Amino acid sequence: MRDLVVICGVWLAMLAILSGCGEVRESVPDANNQSDVDSSGGDQCTESADCDGAEAGFCSSAGECVACDGECDIYVEGADGDDEGLCGAEGSPCATVTRALERLPAEQGGRVWIGGTGGSLDYNENLRVAGDSWGEGAALRLLANNDDGDVTLAPQTDDVLIRVDGGTHLRLEGLRLEGSAGAESVVSCRGAELTLQDVDIRDGEAAGVDAHECDVVIARSRVEDVGFAGIRAENGSSLDVSESEISGNGAPDDLGSAGIYASGAARIVVEDSTIAGNASLGIHAEDTELYVQRTRIEGNPAGGLRIVDSYIEVVNNLIVNNGSPDSEIGGVFARIDDLPDGAPAGGLFAFNTVADNAADDDSGDLAHGVNCGDHPVNASSNIVFFSDSELGSINEGCEWTWTHSSIDADQGVADFIDFGGESE
């Protein structure tokens, strides 16, 4: 009998250990990898704001303050959602993205899954992700959750679709974003971080993405048909674009307009992308550091690249069919009199093909391919040609160091057109 008591005691002790010493831990998995939620002993709540003083800061779908093991998840489904609910489960979603953002806990942030069923889905709202709501450093993600078609966000009023500021980090994934006439941008970023992955932006009046003192990453995305610039980065912003297409943006006959417009930005990186068919310039870079690699810059009627007072590393790109018989710039224009503070010395222009670009033949001081000034840049292993014009492919005033390069099939370096000492 005593042996039986001992065995029972040992069994109960092991059971207590396995069950977390009497506490019950409930796991809530779903198809979208929702984080496990610790629902033990939570305070009652109707909003995450009710949990501010609690140890755990997220108001779960059960109406309890809990801690998310990772990112908190909120769901949105316009047709079947209810903004009066807690929206913490896919079966009980919010109706609007605005309400879903309110449901996320302050400081921590989390994920908002936007979707539904029945084909493409449209949500008409103006959204703001601000530091005074979530706190500096909070990370929020808006993700498409629809296997049947696009999830499109468009502004409800004639204003910016999404504003992010105050040190927050907003990440957008798989969404289609549309702008409105008269708005300064589709997405506005001020003093924050912004990441776009697999996102389409279109139909804005001014800029698709407008960044000031903002760190922007754009990957596998498309920005098109925006009035002034596809992407505008200014005032110390950094921009990293990869595997993306920037096309159909800008205004004709406006050299301040471009697929990518950067002025006073800290650093611009464009890799493995296409900058094509914009209404004015492909890329305008002024007072910045510009790094362009493995990118196709094509069919931009005001010119491919316009570079002013910037450090450059332009390597292994295809720069073709830019400019026009009336444009001031063909493939590349570079006037580098001063470099930004802290920028490296020199520069690199290498392994590029600059071909069949055009400029105004009557000006007498332009070259179709590359117009470059007297700032030293290492120009190595390039192919530059345009055979159907009286203009050369590189201007005579260019002081770049050209090595291992092919400059036209029938023109030698001595045949360059005199640039006349002018930079414009």
Query raised in the report: Cα centroid distance between the range 222-274 and the range 291-327, in Å?
Result: 12 Å
**Report entry** Label-point separation, residue 148 to residue 326 (7 Å along Cα→Cβ), nm
**Finding:** 4.9 nm
Query raised in the report: So if we plug the beta-carbon distance of residue 205 and residue 235 into 1/(1 + (r/R0)^6) with R0 = 25 Å, what FRET efficiency do we get, rounded to 0.05?
Result: 0.75
Report summary line: From the Cα centre of the range 61-88 to that of the range 108-179, the distance in Å is 16 Å
Requested in this report: Per residue of the range 199-214, in order, report the coupling 6.51 cos²θ - 1.76 cosθ + 1.60 (Karplus, θ = phi - 60°) as ³J(HN,Hα) in whole Hz, putting x for Gly and Pro.
Outcome: 10, 10, 10, 7, 6, x, 7, 10, 10, x, 10, 10, 10, 10, 6, 9
Query - Listed peptides 198-211, 72-85 by packing density, highest first (mean Cβ within 10 Å) - result: 198-211, 72-85
Report task. Please tell me the relative contact order of the range 188-270 in percent, rounded to the nearest whole number, where contacts are Cα pairs under 8 Å and at least six residues apart. Result -> 27 percent
**Report entry** Furthest towards positive pole of dipole, 192, 154, 180, structure part the range 151-200, Cβ charges
**Finding:** 192
Query raised in the report: For the range 146-206, what is the charge dipole size about the Cα centre, in debye to the nearest 20, if Lys and Arg each add +1 at the Cβ and Asp and Glu each add -1 at the Cβ?
Result: 280 debye
Query raised in the report: Once both labels are modelled 7 Å past Cα along the beta-carbon direction, what's the residue 348-residue 401 spacing in nm?
Result: 1.3 nm
Report task. Using a 1.4 Å probe over the heavy atoms of the protein chains, calculate the carbon and sulfur portion of the accessible area of the range 195-250 as a whole percent. Result -> 32 percent
**Report entry** Interchain or long-range residues, amide H under 5 Å from residue 68's placed H
**Finding:** 57, 58
Requested in this report: Assuming R0 = 45 Å, can you tell me the calculated FRET efficiency for the pair residue 92 and residue 243, based on Cβ-Cβ distance, to the nearest 0.05?
Outcome: 0.80
Query raised in the report: Please state the relative contact order of the range 132-229 as a whole percent: Cα pairs under 8 Å, 6+ residues apart?
Result: 24 percent
Query raised in the report: Once amide H atoms are placed 1.01 Å from N in the peptide plane, what residues at a sequence separation of 5 or more from residue 129, or on another chain, have their amide H within under 5 Å of its amide H?
Result: 163, 164, 165
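The values are calculated or read from the model by the stated rules, or taken from the named source; none is laboratory data. Note that the structure is predicted; figures quoted are calculated from it, not measured. Using ideal geometry, Cβ is built from the backbone for each residue, glycine included, and neighbour counts are taken over all protein chains shown. Just the protein is used for accessible areas: all its heavy atoms, side chains included, with ligands, DNA and RNA removed. Shrake-Rupley method; radii C 1.70, N 1.55, O 1.52, S 1.80 Å.
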